[in-house]
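Reading through the structure tokens given below for one structure.
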Amino acid sequence: ASMMESYIQSGKIASKIRDEASKMIKEGTLVIDLVEYVESEILKSGAEIAFPCNVSLNEVAAHYTSPAGDKTTIHAGDMVKLDLGAMVDGYIADTAITIIADGNIDENYTQDEINLHEEIVEASEAGLEAAIATARAGIEVSKIGEAVHEAISEYKLNPIFNLTGHSLEQNNLHAGISIPNYDNHDHYILEEGQAVAIEPFATNGEGIVNDAPGHYIFSYLKNRPFRMKSTQRVLKYIQNNHKFVPFSGRWITNEFGERKGSIALKQLSEAMAVYAYAPLREKQDCFVSQKEHTLIIEKEGCTVTTI
Ligand code: MN
Ligand code: MN
């Protein structure tokens, strides 16, 4: 298959699973059931998992996935960001949606809060639409950021200024080019045939995210020597199975046991053999929405692979 065919194929798989999994987002669903459903469906489709399924709630913008045995439960009215990635022949589809969890919402939130939360979700959707309408070969990435910022500002809300979309390359989720969510004066010009993931985030807060406690998602960085045999084994396993795209701590503790897996991940991150991503939380603890699609840039516009 050609590169383009693989991008289209991974896009179809990711969007179908995103839409199916969205139906699970309601009161009482365990986050781990949602992420394991998504990950197993990606594998069943014959694609590979491009990164652990992220399910980030409320004021957490991104980079949460369940650890083994996670008891985190979705409550009615939670702002649930579902972010998933499928890979065909190394060509990645990265897509995210935000859903306000169904259930007895008015038991948890006032009508004013419910209205605000719906606007926050709409704003990131409008931001993504504006970005897609702007994306084409020859345009500066800061122009896309400007369009996103303008669309979100119409709701009197902020984008997350320190989160960006990114270019995609074969087996490479963050391939070096960033697509900002405001005009950051980055004059990089998009070219025909480039694949990019665009992901506006919206919030009623300041629009800055900071690291929150815990590490659930990791990426391989480089080989390092370790004295402890079990840490060497975990590193070998990561090199064999997760050398190119991010992996879940849960996959490691499921394979090596809770204790050995956790100790190894801690040692590997301290030695910078792996990078540990922190969950990202809005600075003022305000709710955050996200919407993301993967696009192929064309002369006169773009093809959205994850529609
Ligand atoms: Mn994503
Ligand atoms: Mn992305």
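The values are calculated or read from the model by the stated rules, or taken from the named source; none is laboratory data. This structure is a prediction, so every number in the text was calculated from the model and none was measured. When we count neighbours, we look across all protein chains shown, and the Cβ atoms used for this are built from the backbone with ideal geometry, even at glycine. Accessible surface areas use protein heavy atoms only, side chains included; no ligands, DNA or RNA. Shrake-Rupley method; radii C 1.70, N 1.55, O 1.52, S 1.80 Å.
Things to note:
- Being more than 18 Å from ALA273 (Cα to Cα), surrounded by 18 or more Cβ atoms within 10 Å (Cβ to Cβ) and charged (D, E, K, R) is a condition met by no residue of the stretch 207-218.
- Taking the criterion of being within 14 Å of ligand 2 (Cβ to nearest atom), of a type outside the set (A, V, I, L, M) and not in a loop (DSSP other than H, G, I, E, B), the residues of the stretch 60-91 that qualify are LYS81, ASP83, GLY85.
- Top-ranked residue in the stretch 60-73 [being open to solvent by less than 30 Å² (accessible area, probe 1.4 Å) and under 18 Å from the mean Cα position of the chain (by Cα); ranked as nearest to ligand 1 (Cβ to nearest atom)]: ALA62
- Residues located in the stretch 122-143, provided they are within 16 Å of ligand 1 (Cβ to nearest atom) and open to solvent by less than 20 Å² (accessible area, probe 1.4 Å): SER124, GLY127, LEU128, ALA131
- Residue identified as within 25 Å of MET24 (Cα to Cα), more than 16 Å from ligand 2 (Cβ to nearest atom) and either in contact (Cβ under 8 Å) with a residue 60 or more places away in the chain or hydrophobic (A, V, I, L, M, F, W, C) (or both) among ILE152, ILE114: ILE114
- Within the stretch 36-49, the set of residues being within 16 Å of ligand 1 (Cβ to nearest atom) and either polar (S, T, N, Q) or surrounded by fewer than 24 Cβ atoms within 10 Å (Cβ to Cβ) (or both) comprises GLU39, ILE42, GLU48, ILE49.
- Consider the stretch 92-101 and keep the residues that are away from ligand 2 (no atom under 16 Å from the Cβ) and open to solvent by 10 Å² or more (accessible area, probe 1.4 Å). The one that is nearest to PHE201 (Cα to Cα) is ILE99.
Listed here are the residues, each with its yes/no results for (1) more than 30 Å from GLU119 (Cα to Cα); (2) among the aliphatic types (A, V, I, L, M).
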{"site": "ILE238", "(1), (2)": "yes, yes"}
{"site": "VAL245", "(1), (2)": "yes, yes"}
{"site": "ASN254", "(1), (2)": "yes, no"}
{"site": "SER262", "(1), (2)": "yes, no"}
{"site": "LEU268", "(1), (2)": "yes, yes"}
{"site": "ALA278", "(1), (2)": "no, yes"}
{"site": "ARG281", "(1), (2)": "no, no"}
{"site": "CYS286", "(1), (2)": "no, no"}
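- Strands (runs of 3 or more DSSP E) within the stretch 246-305 that include 3 or more residues within 16 Å of ligand 1 (Cβ to nearest atom): 288-290, 293-297
- Among the numbered conditions (1) surrounded by fewer than 17 Cβ atoms within 10 Å (Cβ to Cβ); (2) over 29 Å from GLY257 (Cβ atoms); (3) not acidic (Asp, Glu), the only one that ALA76 does not meet is (1).
- Index of the failed condition, ILE42 passing every other in (1) more than 18 Å from GLN290 (Cβ to Cβ); (2) modelled with pLDDT of 95 or more; (3) away from ligand 2 (no atom under 16 Å from the Cβ); (4) assigned to a helix (DSSP H, G or I): (3)
- Residue in the stretch 50-59 that is within 16 Å of ligand 1 (Cβ to nearest atom), part of a loop (DSSP other than H, G, I, E, B) and buried (at least 21 other Cβ atoms within 10 Å of the Cβ) present: no
- Candidates ALA76, ALA68 - the one that is modelled with pLDDT of 95 or more, over 23 Å from HIS117 (Cβ atoms) and touching a helix residue (DSSP H, G or I) at 6+ places or on another chain (Cβ under 6 Å): ALA68
- Qualifying strands (runs of 3 or more DSSP E) (wholly inside the stretch 144-241; at least 2 residues being within 16 Å of ligand 1 (Cβ to nearest atom)): 165-168, 195-198, 201-203, 217-220
- Within the stretch 254-291, being in contact (Cβ under 8 Å) with a residue 40 or more places away in the chain, over 16 Å from ASN210 (Cβ atoms) and open to solvent by 10 Å² or more (accessible area, probe 1.4 Å) holds for ASN254, GLU258, LEU265, GLN267, SER269, ALA271, MET272, TYR275, LYS291.
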